[in-house]
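Read the structure below first, then the notes.
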Amino acid sequence: MAYNLVSPRFVLVGGGAVNEVASVLQKFGLSRPLLVTDAGMAKSGFVNRCLDPLAKAGIKATVFSDAVPEPEDTVVTAGAAVVRRGNFDCIIGFGGGTSMDTAKAMSILASGEAPMSAYKVPFQADQAKLPVICIPTTGGTGSEVTRFTVITDTARGEKMLIAGLGALPLASIVDYELSFGVPPRTTADTGVDSLTHAVESYISRRANVISDTHALHAMALIGKNVRAAYREPKNAAAREGMMLGASVAGMSFTNSSVALVHGMSRPIGAHFHVPHGLSNAMLFPAVTRFSLASATARYAAAARASGFADERDNDDKAANKFADGLAALNAELSVPTPRQYGIDPAAWEGKLDLMAEQALASGSPANNPRVPDKAEIVALYRQVWAANA
Ligand SMILES: [Fe+2]
(Lines give C-alpha, C1' and ligand atoms only; values in the text may rest on other atoms or scores of the structure.)
Protein backbone atom coordinates (compact mmCIF):
# COMPACT_ATOMS: atom_id res chain seq x y z
CA MET A 1 0.00 0.00 0.00
CA ALA A 2 1.28 3.51 -0.81
CA TYR A 3 1.99 5.88 2.03
CA ASN A 4 2.81 9.59 2.32
CA LEU A 5 5.95 11.14 3.75
CA VAL A 6 5.88 14.78 4.80
CA SER A 7 8.32 17.05 6.58
CA PRO A 8 8.96 20.79 6.94
CA ARG A 9 11.28 22.11 4.24
CA PHE A 10 13.84 23.20 6.80
CA VAL A 11 14.51 22.32 10.45
CA LEU A 12 17.29 23.95 12.45
CA VAL A 13 18.27 21.97 15.57
CA GLY A 14 20.53 22.81 18.47
CA GLY A 15 21.20 24.86 21.61
CA GLY A 16 20.95 28.58 20.80
CA ALA A 17 19.40 27.94 17.37
CA VAL A 18 16.63 30.48 18.06
CA ASN A 19 19.26 33.20 17.59
CA GLU A 20 19.27 32.25 13.89
CA VAL A 21 15.55 32.94 13.44
CA ALA A 22 16.12 35.91 11.13
CA SER A 23 18.31 33.91 8.79
CA VAL A 24 15.67 31.17 8.65
CA LEU A 25 13.09 33.73 7.54
CA GLN A 26 15.51 35.27 5.06
CA LYS A 27 16.18 31.87 3.51
CA PHE A 28 12.59 32.00 2.26
CA GLY A 29 12.51 35.75 1.52
CA LEU A 30 10.24 36.42 4.51
CA SER A 31 10.42 39.64 6.53
CA ARG A 32 6.96 40.56 7.89
CA PRO A 33 6.12 37.99 10.60
CA LEU A 34 3.09 37.78 12.86
CA LEU A 35 4.35 36.07 16.01
CA VAL A 36 1.74 33.93 17.79
CA THR A 37 2.29 33.10 21.45
CA ASP A 38 0.46 33.02 24.80
CA ALA A 39 0.00 35.77 27.38
CA GLY A 40 2.49 34.25 29.82
CA MET A 41 5.29 34.23 27.23
CA ALA A 42 4.50 37.84 26.30
CA LYS A 43 4.15 39.19 29.85
CA SER A 44 7.25 37.47 31.21
CA GLY A 45 9.33 38.79 28.34
CA PHE A 46 10.32 35.25 27.33
CA VAL A 47 9.05 36.04 23.83
CA ASN A 48 12.06 38.37 23.49
CA ARG A 49 14.17 35.25 23.00
CA CYS A 50 12.67 35.31 19.50
CA LEU A 51 11.93 39.03 19.06
CA ASP A 52 15.45 40.25 19.93
CA PRO A 53 17.33 38.31 17.24
CA LEU A 54 14.66 39.37 14.74
CA ALA A 55 15.05 43.04 15.73
CA LYS A 56 18.84 42.76 15.45
CA ALA A 57 18.35 41.78 11.82
CA GLY A 58 15.95 44.68 11.26
CA ILE A 59 12.81 42.52 11.31
CA LYS A 60 9.90 43.88 13.32
CA ALA A 61 7.35 41.27 14.34
CA THR A 62 3.75 41.96 15.33
CA VAL A 63 2.82 39.92 18.41
CA PHE A 64 -0.52 38.10 18.83
CA SER A 65 -0.43 36.76 22.41
CA ASP A 66 -3.96 35.44 22.91
CA ALA A 67 -3.23 31.72 22.38
CA VAL A 68 -4.75 29.62 25.19
CA PRO A 69 -4.04 26.05 26.35
CA GLU A 70 -6.10 23.42 24.53
CA PRO A 71 -6.41 26.02 21.71
CA GLU A 72 -9.91 27.35 21.11
CA ASP A 73 -11.69 28.11 17.84
CA THR A 74 -12.79 31.55 19.06
CA VAL A 75 -9.15 32.61 19.52
CA VAL A 76 -8.19 31.14 16.15
CA THR A 77 -11.05 33.04 14.50
CA ALA A 78 -9.88 36.32 16.05
CA GLY A 79 -6.31 35.51 15.04
CA ALA A 80 -7.31 34.72 11.46
CA ALA A 81 -8.94 38.18 11.26
CA VAL A 82 -5.61 39.71 12.32
CA VAL A 83 -3.88 37.68 9.59
CA ARG A 84 -6.37 38.89 6.95
CA ARG A 85 -6.15 42.56 8.02
CA GLY A 86 -2.35 42.74 8.30
CA ASN A 87 0.37 42.88 5.71
CA PHE A 88 2.17 39.77 6.95
CA ASP A 89 4.15 37.31 4.86
CA CYS A 90 4.53 34.57 7.49
CA ILE A 91 3.39 33.42 10.95
CA ILE A 92 5.78 32.34 13.71
CA GLY A 93 4.36 29.99 16.36
CA PHE A 94 6.52 30.49 19.47
CA GLY A 95 5.73 28.46 22.60
CA GLY A 96 4.24 25.09 23.47
CA GLY A 97 1.66 23.20 21.44
CA THR A 98 -0.77 25.96 22.41
CA SER A 99 1.04 28.61 20.38
CA MET A 100 2.12 26.40 17.50
CA ASP A 101 -1.31 24.80 16.98
CA THR A 102 -2.99 28.20 17.16
CA ALA A 103 -0.56 29.65 14.59
CA LYS A 104 -1.12 26.74 12.20
CA ALA A 105 -4.91 26.88 12.55
CA MET A 106 -4.96 30.66 12.03
CA SER A 107 -3.22 30.27 8.69
CA ILE A 108 -5.60 27.50 7.59
CA LEU A 109 -8.68 29.45 8.68
CA ALA A 110 -7.51 32.68 7.00
CA SER A 111 -7.22 30.83 3.67
CA GLY A 112 -11.01 30.70 3.22
CA GLU A 113 -14.37 31.75 4.58
CA ALA A 114 -15.49 28.51 6.28
CA PRO A 115 -15.64 28.09 10.08
CA MET A 116 -12.91 26.08 11.85
CA SER A 117 -15.20 23.05 12.21
CA ALA A 118 -15.32 22.71 8.40
CA TYR A 119 -11.64 21.74 8.43
CA LYS A 120 -11.74 18.81 10.89
CA VAL A 121 -10.99 15.26 9.75
CA PRO A 122 -11.88 13.61 7.43
CA PHE A 123 -11.52 16.94 5.55
CA GLN A 124 -8.04 17.34 4.06
CA ALA A 125 -6.81 20.76 5.23
CA ASP A 126 -4.15 21.24 2.55
CA GLN A 127 -4.50 25.02 2.12
CA ALA A 128 -3.08 27.80 4.30
CA LYS A 129 -2.83 31.53 3.77
CA LEU A 130 0.73 32.08 5.03
CA PRO A 131 3.75 29.85 5.68
CA VAL A 132 4.26 29.00 9.37
CA ILE A 133 7.59 28.78 11.20
CA CYS A 134 7.36 26.89 14.51
CA ILE A 135 9.66 27.32 17.51
CA PRO A 136 8.75 24.95 20.38
CA THR A 137 9.65 25.89 23.95
CA THR A 138 8.38 22.83 25.83
CA GLY A 139 9.49 19.72 23.93
CA GLY A 140 6.34 17.67 23.75
CA THR A 141 3.76 18.00 21.05
CA GLY A 142 6.05 17.68 18.04
CA SER A 143 3.70 20.16 16.36
CA GLU A 144 6.76 21.86 14.83
CA VAL A 145 7.12 19.01 12.35
CA THR A 146 3.60 17.61 11.95
CA ARG A 147 0.70 18.03 9.54
CA PHE A 148 -1.74 18.24 12.48
CA THR A 149 -3.32 20.87 14.68
CA VAL A 150 -5.91 20.22 17.39
CA ILE A 151 -8.47 22.96 18.04
CA THR A 152 -11.35 22.95 20.53
CA ASP A 153 -14.84 23.66 19.16
CA THR A 154 -15.99 25.73 22.15
CA ALA A 155 -19.70 25.64 21.24
CA ARG A 156 -19.82 21.84 20.89
CA GLY A 157 -17.20 20.89 23.46
CA GLU A 158 -15.12 18.89 21.01
CA LYS A 159 -11.40 18.80 20.33
CA MET A 160 -11.15 18.73 16.55
CA LEU A 161 -8.25 17.04 14.79
CA ILE A 162 -7.30 19.06 11.72
CA ALA A 163 -4.90 17.35 9.33
CA GLY A 164 -3.31 18.27 6.04
CA LEU A 165 -0.45 20.08 4.34
CA GLY A 166 -1.94 23.40 5.48
CA ALA A 167 -0.90 22.49 9.04
CA LEU A 168 2.65 21.48 8.07
CA PRO A 169 5.16 24.20 9.02
CA LEU A 170 7.43 25.56 6.31
CA ALA A 171 10.32 25.52 8.78
CA SER A 172 11.02 25.01 12.46
CA ILE A 173 13.71 25.79 14.98
CA VAL A 174 14.29 23.18 17.68
CA ASP A 175 16.32 24.78 20.48
CA TYR A 176 16.36 22.82 23.76
CA GLU A 177 17.75 25.81 25.67
CA LEU A 178 14.28 27.36 25.41
CA SER A 179 12.90 24.54 27.61
CA PHE A 180 15.06 25.05 30.74
CA GLY A 181 12.30 26.99 32.54
CA VAL A 182 9.46 24.54 31.88
CA PRO A 183 8.01 23.42 35.27
CA PRO A 184 8.12 19.72 36.25
CA ARG A 185 4.38 19.07 35.74
CA THR A 186 4.49 20.38 32.16
CA THR A 187 7.79 18.57 31.54
CA ALA A 188 6.17 15.30 32.61
CA ASP A 189 2.95 15.87 30.66
CA THR A 190 4.60 16.93 27.42
CA GLY A 191 7.19 14.15 27.82
CA VAL A 192 4.50 11.49 28.11
CA ASP A 193 2.71 13.06 25.14
CA SER A 194 5.90 12.59 23.09
CA LEU A 195 6.27 9.00 24.24
CA THR A 196 2.63 8.36 23.33
CA HIS A 197 3.24 9.81 19.85
CA ALA A 198 6.19 7.50 19.26
CA VAL A 199 4.47 4.38 20.61
CA GLU A 200 1.11 4.99 18.90
CA SER A 201 2.87 5.69 15.62
CA TYR A 202 4.77 2.42 15.99
CA ILE A 203 1.78 0.23 16.85
CA SER A 204 -0.49 2.01 14.34
CA ARG A 205 -2.00 0.13 11.41
CA ARG A 206 -0.55 2.94 9.30
CA ALA A 207 3.07 2.44 10.44
CA ASN A 208 5.72 2.22 7.73
CA VAL A 209 9.48 1.79 7.59
CA ILE A 210 10.17 5.54 7.86
CA SER A 211 7.79 6.15 10.77
CA ASP A 212 9.15 3.03 12.53
CA THR A 213 12.73 4.28 12.37
CA HIS A 214 11.78 7.63 13.88
CA ALA A 215 9.47 6.03 16.48
CA LEU A 216 12.13 3.68 17.88
CA HIS A 217 14.71 6.47 18.04
CA ALA A 218 12.25 8.80 19.79
CA MET A 219 11.32 6.11 22.35
CA ALA A 220 15.00 5.64 23.20
CA LEU A 221 15.55 9.38 23.65
CA ILE A 222 12.43 9.88 25.77
CA GLY A 223 12.83 6.68 27.81
CA LYS A 224 16.37 7.67 28.70
CA ASN A 225 15.69 11.30 29.59
CA VAL A 226 12.13 11.84 30.82
CA ARG A 227 12.77 11.16 34.50
CA ALA A 228 15.89 13.32 34.68
CA ALA A 229 14.23 16.22 32.85
CA TYR A 230 11.32 16.00 35.33
CA ARG A 231 13.53 15.91 38.44
CA GLU A 232 16.31 18.25 37.26
CA PRO A 233 14.91 21.09 35.11
CA LYS A 234 18.40 22.45 34.36
CA ASN A 235 19.84 19.10 33.23
CA ALA A 236 20.95 20.21 29.75
CA ALA A 237 21.55 16.71 28.38
CA ALA A 238 18.09 15.55 29.51
CA ARG A 239 16.42 18.67 28.09
CA GLU A 240 18.24 18.19 24.79
CA GLY A 241 17.16 14.55 24.65
CA MET A 242 13.53 15.41 25.40
CA MET A 243 13.33 18.28 22.90
CA LEU A 244 14.87 16.13 20.18
CA GLY A 245 12.74 13.15 21.20
CA ALA A 246 9.58 15.25 20.83
CA SER A 247 10.53 16.34 17.31
CA VAL A 248 11.61 12.87 16.20
CA ALA A 249 8.35 11.44 17.59
CA GLY A 250 6.54 14.14 15.61
CA MET A 251 8.40 13.12 12.46
CA SER A 252 7.18 9.60 13.13
CA PHE A 253 3.46 10.11 13.79
CA THR A 254 3.03 12.74 11.08
CA ASN A 255 3.92 9.94 8.65
CA SER A 256 1.88 7.26 10.41
CA SER A 257 -0.84 8.26 12.89
CA VAL A 258 -1.76 8.26 16.52
CA ALA A 259 -4.24 5.68 17.81
CA LEU A 260 -6.59 4.82 20.67
CA VAL A 261 -4.88 6.77 23.48
CA HIS A 262 -5.15 10.02 21.53
CA GLY A 263 -8.65 9.21 20.32
CA MET A 264 -9.83 8.80 23.94
CA SER A 265 -7.65 11.60 25.30
CA ARG A 266 -9.07 14.50 23.25
CA PRO A 267 -12.61 14.21 24.72
CA ILE A 268 -11.22 14.22 28.28
CA GLY A 269 -9.41 17.46 27.45
CA ALA A 270 -12.44 19.01 25.82
CA HIS A 271 -14.94 18.21 28.60
CA PHE A 272 -12.77 18.37 31.71
CA HIS A 273 -9.90 20.68 30.72
CA VAL A 274 -7.22 18.13 31.53
CA PRO A 275 -3.93 19.07 29.80
CA HIS A 276 -3.36 16.90 26.74
CA GLY A 277 -0.27 15.03 27.92
CA LEU A 278 -1.84 14.36 31.31
CA SER A 279 -4.99 12.81 29.87
CA ASN A 280 -2.76 10.68 27.62
CA ALA A 281 -0.84 9.51 30.69
CA MET A 282 -4.08 8.63 32.55
CA LEU A 283 -5.10 6.38 29.64
CA PHE A 284 -1.79 4.98 28.43
CA PRO A 285 -1.35 1.90 30.73
CA ALA A 286 -4.96 0.68 30.43
CA VAL A 287 -5.18 1.24 26.68
CA THR A 288 -1.86 -0.55 26.25
CA ARG A 289 -3.11 -3.59 28.22
CA PHE A 290 -6.28 -3.59 26.08
CA SER A 291 -4.21 -3.59 22.87
CA LEU A 292 -1.19 -5.77 23.80
CA ALA A 293 -2.34 -9.12 22.48
CA SER A 294 -3.06 -7.69 19.02
CA ALA A 295 0.51 -6.43 18.48
CA THR A 296 2.69 -8.25 21.01
CA ALA A 297 5.92 -8.08 18.99
CA ARG A 298 5.47 -4.34 18.38
CA TYR A 299 4.79 -3.55 22.06
CA ALA A 300 7.77 -5.74 22.98
CA ALA A 301 10.02 -3.74 20.65
CA ALA A 302 8.63 -0.51 22.12
CA ALA A 303 9.41 -1.81 25.62
CA ARG A 304 13.00 -2.61 24.68
CA ALA A 305 13.53 0.70 22.85
CA SER A 306 12.21 2.78 25.73
CA GLY A 307 14.11 0.87 28.40
CA PHE A 308 11.18 -0.94 30.09
CA ALA A 309 12.47 -4.36 28.99
CA ASP A 310 15.72 -5.77 27.65
CA GLU A 311 16.90 -8.16 24.95
CA ARG A 312 16.68 -11.21 27.25
CA ASP A 313 12.91 -10.79 27.67
CA ASN A 314 10.81 -12.71 25.17
CA ASP A 315 8.03 -10.80 23.38
CA ASP A 316 5.25 -11.74 25.81
CA LYS A 317 7.27 -10.76 28.82
CA ALA A 318 8.59 -7.56 27.24
CA ALA A 319 5.14 -6.43 26.10
CA ASN A 320 3.72 -6.95 29.60
CA LYS A 321 6.68 -5.12 31.09
CA PHE A 322 5.77 -2.20 28.84
CA ALA A 323 2.28 -1.83 30.32
CA ASP A 324 3.67 -2.25 33.85
CA GLY A 325 6.45 0.23 33.07
CA LEU A 326 3.98 2.87 31.88
CA ALA A 327 2.02 2.53 35.13
CA ALA A 328 5.25 2.82 37.15
CA LEU A 329 6.29 5.87 35.11
CA ASN A 330 2.93 7.49 35.90
CA ALA A 331 3.63 6.96 39.60
CA GLU A 332 7.13 8.44 39.29
CA LEU A 333 5.75 11.47 37.45
CA SER A 334 2.88 11.90 39.96
CA VAL A 335 0.17 11.47 37.33
CA PRO A 336 -3.24 11.65 39.05
CA THR A 337 -6.24 9.52 38.16
CA PRO A 338 -9.23 11.44 36.77
CA ARG A 339 -10.78 11.17 40.25
CA GLN A 340 -7.65 12.51 41.94
CA TYR A 341 -7.55 15.31 39.37
CA GLY A 342 -10.82 16.52 40.86
CA ILE A 343 -13.29 15.58 38.14
CA ASP A 344 -16.83 15.20 39.45
CA PRO A 345 -17.82 11.48 39.35
CA ALA A 346 -21.35 12.16 38.07
CA ALA A 347 -20.03 14.50 35.37
CA TRP A 348 -17.50 11.86 34.27
CA GLU A 349 -20.09 9.08 34.15
CA GLY A 350 -22.56 11.36 32.38
CA LYS A 351 -20.15 12.15 29.55
CA LEU A 352 -18.89 8.63 28.84
CA ASP A 353 -21.27 7.91 25.97
CA LEU A 354 -20.55 11.21 24.24
CA MET A 355 -16.80 10.90 24.83
CA ALA A 356 -16.79 7.41 23.31
CA GLU A 357 -18.68 8.68 20.26
CA GLN A 358 -16.29 11.60 19.85
CA ALA A 359 -13.28 9.30 20.24
CA LEU A 360 -14.57 7.02 17.48
CA ALA A 361 -15.47 9.96 15.21
CA SER A 362 -11.90 11.29 15.35
CA GLY A 363 -10.76 8.23 13.39
CA SER A 364 -7.78 7.59 15.68
CA PRO A 365 -9.16 4.39 17.33
CA ALA A 366 -9.42 2.80 13.88
CA ASN A 367 -5.60 2.92 13.64
CA ASN A 368 -5.21 0.90 16.85
CA PRO A 369 -4.01 -2.72 16.55
CA ARG A 370 -7.16 -3.77 18.45
CA VAL A 371 -10.05 -1.64 17.23
CA PRO A 372 -12.59 -1.09 20.01
CA ASP A 373 -16.33 -0.62 19.73
CA LYS A 374 -18.17 2.04 21.68
CA ALA A 375 -18.93 -0.20 24.66
CA GLU A 376 -15.25 -1.15 24.98
CA ILE A 377 -14.23 2.51 24.97
CA VAL A 378 -16.77 3.28 27.70
CA ALA A 379 -15.40 0.34 29.71
CA LEU A 380 -11.84 1.68 29.31
CA TYR A 381 -12.93 5.14 30.50
CA ARG A 382 -14.51 3.50 33.58
CA GLN A 383 -11.33 1.50 34.18
CA VAL A 384 -9.06 4.57 34.21
CA TRP A 385 -11.41 6.58 36.44
CA ALA A 386 -9.86 5.38 39.66
CA ALA A 387 -6.72 3.50 38.68
CA ASN A 388 -3.72 4.18 36.52
CA ALA A 389 -2.21 0.78 37.17
FE1 LIG B 1 -0.40 14.28 21.51
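The values are calculated or read from the model by the stated rules, or taken from the named source; none is laboratory data. This one's a predicted model, so the numbers in the text were calculated from it and none came from an experiment. Quick reminder, even Gly has a Cβ in these numbers, built from the backbone with ideal geometry, and neighbours come from all protein chains shown.
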> List the pairs whose first member sits in the stretch 277-292 and is without any contact (Cβ under 8 Å) to a residue 24 or more places away in the chain, whose second member is in a helix (DSSP H, G or I) and within 16 Å of the ligand (Cβ to nearest atom), and whose Cβ atoms are under 7 Å apart, counting only residues at least 6 apart or on separate chains?
Replying inline: Ser279/Ser265; Ser279/Ile268; Ser279/Gly269
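For Ser211, indicate whether it is within 28 Å of Ile173 (Cα to Cα), free of Cβ contacts under 8 Å to residues at least 24 places away in the same chain, within 16 Å of the ligand (Cβ to nearest atom) and outside any loop (DSSP other than H, G, I, E, B).
Values: within 28 Å of Ile173 (Cα to Cα): yes; free of Cβ contacts under 8 Å to residues at least 24 places away in the same chain: no; within 16 Å of the ligand (Cβ to nearest atom): yes; outside any loop (DSSP other than H, G, I, E, B): yes.
Criteria not met by Ser211.
Of the residues that sit in the stretch 142-154 and are of a type in the set (S, T, N, Q) and part of a loop (DSSP other than H, G, I, E, B), which one is modelled with the highest pLDDT? I'd like the intermediate steps shown before the answer.
Narrowing the stretch 142-154 to residues of a type in the set (S, T, N, Q): 143, 146, 149, 152, 154.
Imposing the further condition that a residue be part of a loop (DSSP other than H, G, I, E, B) reduces the set to 146, 154.
Working: Thr146: 97, Thr154: 94.
My answer is Thr146.
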>> Being modelled with pLDDT of 95 or more and within 16 Å of the ligand (Cβ to nearest atom) is the requirement here; does Ala163 meet it?
In response: yes
> Which one is farthest from the ligand (Cβ to nearest atom), of the residues in the stretch 268-296 that are touching a Pro at 6+ places or on another chain (Cβ under 9 Å) and more than 29 Å from Arg339 (Cα to Cα)?
Replying inline: Ser294
> Going by the conditions given, is Ala229 outside any loop (DSSP other than H, G, I, E, B), away from the ligand (no atom under 16 Å from the Cβ) and in contact (Cβ under 8 Å) with a residue 40 or more places away in the chain?
Replying inline: yes
>> Looking at Tyr119 and the list (1) closer than 29 Å to Gln26 by Cα; (2) surrounded by 19 or more Cβ atoms within 10 Å (Cβ to Cβ); (3) among the aromatic types (Phe, Trp, Tyr); (4) more than 16 Å from the ligand (Cβ to nearest atom), which single condition is not satisfied?
In response: (1)
>> Looking at Ser265, Ser257, Ser194 in this structure, which one is within 14 Å of the ligand (Cβ to nearest atom), under 19 Å from Leu5 (Cα atoms) and either surrounded by fewer than 22 Cβ atoms within 10 Å (Cβ to Cβ) or among the small types (Gly, Ala, Ser) (or both)?
In response: Ser257
>> Please go through the stretch 122-141 and give me each residue that is modelled with pLDDT under 95, on the phi < 0 side of the Ramachandran plot and within 16 Å of the ligand (Cβ to nearest atom), ordered by number.
In response: Thr138, Gly140, Thr141
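Just to be sure before I move on: is Ser107 more than 17 Å from Gly363 (Cα to Cα) and small (Gly, Ala, Ser) in the structure I sent? Outline the logic, then answer.
Working: more than 17 Å from Gly363 (Cα to Cα): yes; small (Gly, Ala, Ser): yes.
Yes, satisfied.
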> Can you tell me which residues in the stretch 142-160 are within 15 Å of the ligand (Cβ to nearest atom), hydrophobic (A, V, I, L, M, F, W, C) and more than 18 Å from Asn280 (Cβ to Cβ)?
Replying inline: Val145
> Taking the stretch 304-338, which residues are in contact (Cβ under 8 Å) with a residue 40 or more places away in the chain, in a loop (DSSP other than H, G, I, E, B) and either surrounded by 16 or more Cβ atoms within 10 Å (Cβ to Cβ) or touching a Ser or Thr at 6+ places or on another chain (Cβ under 6 Å) (or both)?
Replying inline: Ser306, Phe308, Leu333, Val335
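Quick one: in the stretch 69-112, which of the residues that are among the aliphatic types (A, V, I, L, M) and more than 21 Å from the chain's Cα centre (by Cα) is surrounded by the most Cβ atoms within 10 Å (Cβ to Cβ)?
First pass over the stretch 69-112, keeping only residues among the aliphatic types (A, V, I, L, M): 75-76, 78, 80-83, 91-92, 100, 103, 105-106, 108-110.
Checking the rest, the ones that are also more than 21 Å from the chain's Cα centre (by Cα) come to 78, 80-83, 110.
Details: Ala78: 13, Ala80: 20, Ala81: 13, Val82: 17, Val83: 21, Ala110: 23.
Filtering first and then ranking leaves Ala110.
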>> Looking only at the stretch 364-387, count every residue that is part of a loop (DSSP other than H, G, I, E, B) and surrounded by fewer than 22 Cβ atoms within 10 Å (Cβ to Cβ) and tell me the total.
In response: 5
> Using beta carbons and a limit of 7 Å, which pairs, at least six apart or on different chains, have the first residue in the stretch 6-33 and within 23 Å of Gly166 (Cα to Cα) and the second one among the charged types (D, E, K, R) and outside any helix (DSSP H, G or I)?
Replying inline: Val6/Arg147; Leu30/Asp89; Ser31/Asp89; Arg32/Asp89
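Against the definition (in contact with a helix residue (DSSP H, G or I) (Cβ under 6 Å, 6 or more places away or on another chain), on the phi < 0 side of the Ramachandran plot and among the hydrophobic types (A, V, I, L, M, F, W, C)), how does Val21 come out, yes or no? Write out each step before concluding.
Values: in contact with a helix residue (DSSP H, G or I) (Cβ under 6 Å, 6 or more places away or on another chain): yes; on the phi < 0 side of the Ramachandran plot: yes; among the hydrophobic types (A, V, I, L, M, F, W, C): yes.
In short, yes.
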